[in-house]
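Report on the structure given below.
The values are calculated or read from the model by the stated rules, or taken from the named source; none is laboratory data. Everything quoted here is computed from the prediction, not taken from an experiment. Quick reminder, even Gly has a Cβ in these numbers, built from the backbone with ideal geometry, and neighbours come from all protein chains shown. Just the protein is used for accessible areas: all its heavy atoms, side chains included, with ligands, DNA and RNA removed. Shrake-Rupley method; radii C 1.70, N 1.55, O 1.52, S 1.80 Å.
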Amino acid sequence: MTLDMDKKKEMIYDNDAWLVPYKEAIDRRHERILEERRRIAGSGKLSDACNNHLYYGMHRCDDGSWIFREWAPHATKIYLIGEFNNWKRTEAYALRPVGDGNWEIRLESMFLSHGELYKLYVEWPGGGGERLPAYATRAVQDPETKAFCAQVWAPDKPYRWKHGRPGKREHPLIYECHIGMSSEEEKVSTFSEFRENVLPYVKDLGYDTLQIMALQEHPYYGSFGYQVSNFYALSSRFGTPDEFKALVDEAHACGIAVVMDIVHSHSVDNELEGLGMFDGKDDLYFYSGDRGRHPAWGSRCFNYGKYETMAFLLSNCKFWMEEYHIDGFRFDGVTSMLYWDHGLGKDFVGYDNYFNEGVDESAVTYLALANMLVKEMNPDAFTIAEDVSGMAGLAAPFEAGGVGFDFRMSMGVADNWIKWIKELPDEKWSMGEMWWQLTNKRADEKTISYAECHDQALVGDKTIIFRLMDKEMYFHMDKNSTSAVVDRGIALHKMIRLVTMATAGDGYLTFMGNEFGHPEWIDFPREGNGWSYKYARRQWSLARPDYLRYRNLLLFDKAMVALAHKEHIFDGRPELLVQDEEKKILVFKRINCIFALNFNATESFSDYGLSAPAGKYEMVLDSDEKEFDGFSRLKTGEEHCSVHEKSANGDQKYEDTLYLYLPSRCAVVLRKID
């Protein structure tokens with residue numbers, strides 16, 4: 001990235017006629033981002049200018065003394081209180097104002113120790129209260145009172161990293177996970193347990209990226225980590241910073257990148273734990289009034305146009321990358337950030353939605369700068385936007401007029417699978433609509449597809465497997481049992497995942513446990529369920545025995561991921577060959593493979609001809625194999641040769657025809673070998 005950030009010759013509107021009317025708006029946005037970058041970093045690096053975490057918060061100096069700083073411009077007095085002074089407000093622990101709303105205290109080494117608990121007591125005109133430091137890097141919860149305190153974290157022997165970064169991920173295969181619910185036991189699991197028990201499993205499955213949820217501290221466990229209180233603090237309920245570093249280090253040793261699900265879209269409203277009313281005013285980091293309150297989430301909305309907020313969030317990105325060797329971020333709630341109405345109840349039809357007064361341009365600027373910062377920190381790192389609005393340019397390079405995300409989540413794919421399964425029997429699924437929804441992606445932006453993520457597993461919703469089988473799962477997942485409902489569910493579960501991955505733009509994601517059809521929803525402990533952990537865990541043991549069908553779904557997922565790696569399918573784009581509405585057959589080509597899926601519920605088709613490049617083909621994946629709990633209607637490794645004649649089915653772009661036997665509810669993949 002050049003210092004003057006010169007634009008490339010080709011901008012996003014040069015290859016998209018629909019964007020031409022918005023050329024001026026795109027150029028203005030581009031210049032606005034450049035101007036903010038210059039204001040923050042001048043002619044230097046953005047990553048060198050974002051160091052709030054090194055100035056604010058608690059730091060041990062080289063001589064063993066301590067220094068603590070906080071920004072609270074409305075405060076009239078601030079005290080450091082904790083175990084070291086019996087939680088009393090004393091002048092010896094009073095911070096002094098040092099200008100521009102900043103406060104500071106310096107303490108000799110004997111006054112403070114690693115591991116001690118502390119808080120701030122902030123006074124303001126007309127009131128005061130206990131607060132946790134905005135830049136606290138560790139917060140712990142009292143098991144009895146449930147109250148949070150900051151904790152001094154400065155071990156004598158810092159963690160020593162053993163392994164280097166895993167390198168670039170052009171096409172990530174992502175395993176989305178939540179540390180706390182990763183144990184089979186009814187409890188909160190830990191970083192160490194995940195490293196020892198789950199990480200080897202993920203490596204064996206073939207996924208090359210971990211996307212970890214709920215890493216930032218959050219007061220309510222059941223928020224899934226999306227109501228953050230302490231943005232710089234690693235959630236202590238899962239273990240210590242060193243234990244998380246060991247997990248990241250081991251993942252890197254396995255060649256697995258670690259992406260953090262970062263929440264910069266809003267903040268928990270809490271005052272005692274979070275940033276709410278920190279110094280007696282509601283607009284320290286947030287918009288004031290109604291604009292500063294999220295109507296659906298009950299949380300606070302950041303004011304991205306405020307310099308201190310921008311610095312707080314950009315430094316936060318740098319902190320996680322520096323301190324924990326994070327390889328990238330999945331930015332949560334991007335749609336909510338981008339639009340003043342947070343995209344609530346809105347259909348984003350037409351490009352005008354992306355370039356009008358309804359867009360919070362300060363939020364767009366922040367996201368663009370965050371992407372620049374990540375790339376400056378580590379050119380191999382990558383970012384993913386969770387955006388349902390489809391904002392044009394969001395995942396396009398900044399130099400081309402975009403916001404700079406590497407990928408966007410293809411959120412419509414999962415939504416459509418729910419819609420089809422819920423509203424229609426599979427006999428009425430449209431192959432044309434399926435193809436359109438699976439492949440409808442901007443050609444100039446990279447996407448990550450998924451059949452389901454954590455959203456589809458939360459209580460009140462259903463996973464794909466549960467929608468397909470419902471209560472039958474509880475009685476007929478044993479292979480000695482028979483159920484037409486389960487047979488259908490097993491077959492469609494495999495086909496849905498394969499066709500989603502095979503048509504994905506540039507990467508694929510699954511949520512932990514869904515690869516083997518985890519039978520239960522996710523419901524965190526709460527008053528309504530008696531604070532039970534029964535549904536806040538993963539039943540890994542279900543996928544181990546050969547007599548349960550979960551094992552076969554796991555083996556299919558593993559084979560599917562291995563195919564993606566071996567054939568480099570994401571290097572090319574899917575090319576439609578057959579879209580047969582009458583017979584419910586969908587066939588497409590990608591790179592050197594042909595994917596043929598028969599969604600017909602009852603009919604199998606022999607000698608089904610389809611247009612294909614001339615040559616010999618070997619069947620490399622068959623969802624109907626016995627190993628995958630199928631009916632073995634095809635011969636493993638069977639080879640097929642094309643015939644030099646025009647096909648009667650589908651597109652006739654090729655001069656040869658490939659004849660296949662396509663069993664009902666079956667998917668096969670053939671690789672051209674000659």
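Can you tell which of Ser113, Ser109, Ser189, Ser182 is within 27 Å of the chain's Cα centre (by Cα), over 30 Å from Phe405 (Cβ atoms) and among the polar types (S, T, N, Q)? After ruling out the rest, the residue left standing is Ser189.
From the list Cys317, Cys301, pick out the single residue that is without any contact (Cβ under 8 Å) to a residue 60 or more places away in the chain and not basic (Lys, Arg).
On the way: Cys317 fails: without any contact (Cβ under 8 Å) to a residue 60 or more places away in the chain.
Cys301 is the lone residue from the list that is without any contact (Cβ under 8 Å) to a residue 60 or more places away in the chain and not basic (Lys, Arg).
Selection of region 564-581 for residues being open to solvent by less than 70 Å² (accessible area, probe 1.4 Å) and either free of Cβ contacts under 8 Å to residues at least 60 places away in the same chain or in a helix (DSSP H, G or I) (or both) yields Ala564, Glu567, Ile569, Phe570, Gly572, Glu575. Could you tell me whether Glu520 is in a loop (DSSP other than H, G, I, E, B) and farther than 22 Å from Met434 by Cα? So Glu520 passes the test. Here is the figure for region 335-384: residues that are assigned to a strand (DSSP E or B) and either open to solvent by 50 Å² or more (accessible area, probe 1.4 Å) or under 23 Å from Lys23 (Cα atoms) (or both) total 2. Residue pairs whose Cβ atoms lie under 7 Å apart, sitting 6 or more positions apart in sequence or on different chains, and linking a residue in region 80-102 that is within 17 Å of Val122 (Cβ to Cβ) to a partner that is open to solvent by 100 Å² or more (accessible area, probe 1.4 Å), are Ile81/Lys88; Ile81/Arg89. Which members of region 241-267 meet the condition of being in contact with a Leu (Cβ under 8 Å, 6 or more places away or on another chain) and assigned to a loop (DSSP other than H, G, I, E, B)? Selection gives Cys254, Ile256, His264.
Take the conditions (1) more than 30 Å from Asn529 (Cα to Cα); (2) part of a strand (DSSP E or B); Phe231 misses just one of them, which is (1).
Taking region 178-197 as the range and being open to solvent by less than 50 Å² (accessible area, probe 1.4 Å), under 30 Å from Asp506 (Cα atoms) and in contact with an Asp or Glu (Cβ under 6 Å, 6 or more places away or on another chain) as the test, only Phe191 passes.
Can you go through Tyr207, Tyr175 and tell me which one is within 22 Å of the chain's Cα centre (by Cα), outside any loop (DSSP other than H, G, I, E, B) and either surrounded by 20 or more Cβ atoms within 10 Å (Cβ to Cβ) or at pLDDT 95 or above (or both)?
Working: Tyr207 fails: outside any loop (DSSP other than H, G, I, E, B).
When all the criteria are applied, what remains is Tyr175.
Would it be correct to say that Glu323 is farther than 21 Å from Met409 by Cβ, touching a Pro at 6+ places or on another chain (Cβ under 8 Å), outside any loop (DSSP other than H, G, I, E, B) and modelled with pLDDT of 95 or more? Judged against the criteria, Glu323 is a match. Scanning region 461-482 for residues that are assigned to a loop (DSSP other than H, G, I, E, B) and either in contact (Cβ under 8 Å) with a residue 12 or more places away in the chain or within 18 Å of Ile174 (Cβ to Cβ) (or both) returns Asp461, Lys462, Thr463, Met477, Lys479, Asn480. Hey, does region 130-140 have a residue that's within 29 Å of Arg237 (Cβ to Cβ), surrounded by fewer than 18 Cβ atoms within 10 Å (Cβ to Cβ), free of Cβ contacts under 8 Å to residues at least 12 places away in the same chain and not hydrophobic (A, V, I, L, M, F, W, C)? No, every residue in region 130-140 fails to be within 29 Å of Arg237 (Cβ to Cβ), surrounded by fewer than 18 Cβ atoms within 10 Å (Cβ to Cβ), free of Cβ contacts under 8 Å to residues at least 12 places away in the same chain and not hydrophobic (A, V, I, L, M, F, W, C).
So which of Lys479, Lys471, Lys494 ends up being modelled with pLDDT of 95 or more and of a type in the set (D, E, K, R)? Break it down stepwise before answering.
Values: Lys479 fails: modelled with pLDDT of 95 or more; Lys471 fails: modelled with pLDDT of 95 or more.
When all the criteria are applied, what remains is Lys494.
Please tell me if Ile12 is surrounded by 18 or more Cβ atoms within 10 Å (Cβ to Cβ), closer than 27 Å to Leu275 by Cα and β-branched (Val, Ile, Thr).
Working: surrounded by 18 or more Cβ atoms within 10 Å (Cβ to Cβ): yes; closer than 27 Å to Leu275 by Cα: no; β-branched (Val, Ile, Thr): yes.
So Ile12 does not fit the description; no.
For region 434-451, the set of residues classified as open to solvent by 50 Å² or more (accessible area, probe 1.4 Å) and more than 21 Å from Lys419 (Cα to Cα) consists of Arg442, Ala443, Asp444, Lys446, listed by residue number.
What do you reckon, is Arg165 in a strand (DSSP E or B) and touching a residue at least 12 places away in the same chain (Cβ under 8 Å)? I'd like the intermediate steps shown before the answer.
Working: in a strand (DSSP E or B): no; touching a residue at least 12 places away in the same chain (Cβ under 8 Å): yes.
Answer is no for this residue.
Residues in region 528-540 that are surrounded by fewer than 21 Cβ atoms within 10 Å (Cβ to Cβ) and in contact with a helix residue (DSSP H, G or I) (Cβ under 9 Å, 6 or more places away or on another chain) were compared, and the one that is farthest from Glu170 (Cα to Cα) is Tyr535. One residue stands out among those in region 587-608 that are among the aliphatic types (A, V, I, L, M) and part of a loop (DSSP other than H, G, I, E, B): the one that is most open to solvent (accessible area, probe 1.4 Å), which is Ile591.
So in region 149-172, with the set limited to residues that are over 30 Å from Phe511 (Cβ atoms) and of a type in the set (Gly, Ala, Ser), which one is least open to solvent (accessible area, probe 1.4 Å)? First the steps, then the outcome.
Looking only at region 149-172, we keep the residues that are over 30 Å from Phe511 (Cβ atoms), and these are 149-158, 160.
Then drop every residue that is not of a type in the set (Gly, Ala, Ser), which leaves 150, 154.
On the way: Ala150: 0, Ala154: 18 Å².
Step by step, filter region 149-172, then rank; the result is Ala150.
Here Ser611 fits the description: in contact with a Ser or Thr (Cβ under 8 Å, 6 or more places away or on another chain), in a strand (DSSP E or B) and not aromatic (Phe, Trp, Tyr).
Within region 286-301, take every residue that is in a loop (DSSP other than H, G, I, E, B) and surrounded by fewer than 24 Cβ atoms within 10 Å (Cβ to Cβ) and give me the one that is nearest to the chain's Cα centre (by Cα). Of everything passing the filter in region 286-301, Trp297 is nearest to the chain's Cα centre (by Cα).
The test for being open to solvent by 10 Å² or more (accessible area, probe 1.4 Å) and either modelled with pLDDT under 95 or aliphatic (A, V, I, L, M) (or both) does not hold for Ala233. Flag: Glu323 matches the condition of being open to solvent by 30 Å² or more (accessible area, probe 1.4 Å) and under 21 Å from Met260 (Cα atoms).
Considering only region 630-647, I want to know if a residue exists there that is closer than 30 Å to Asn480 by Cα and of a type in the set (S, T, N, Q).
So the first thing to find is which residues in region 630-647 are closer than 30 Å to Asn480 by Cα, and the list is 630-638.
Still in the running and of a type in the set (S, T, N, Q): 632, 636.
Looking through region 630-647, at least one residue is closer than 30 Å to Asn480 by Cα and of a type in the set (S, T, N, Q).
When you go through (1) within 19 Å of Tyr550 (Cβ to Cβ); (2) free of Cβ contacts under 8 Å to residues at least 40 places away in the same chain; (3) of a type in the set (D, E, K, R) one by one for Lys419, which number turns out not to apply? It is condition (1) that Lys419 fails.
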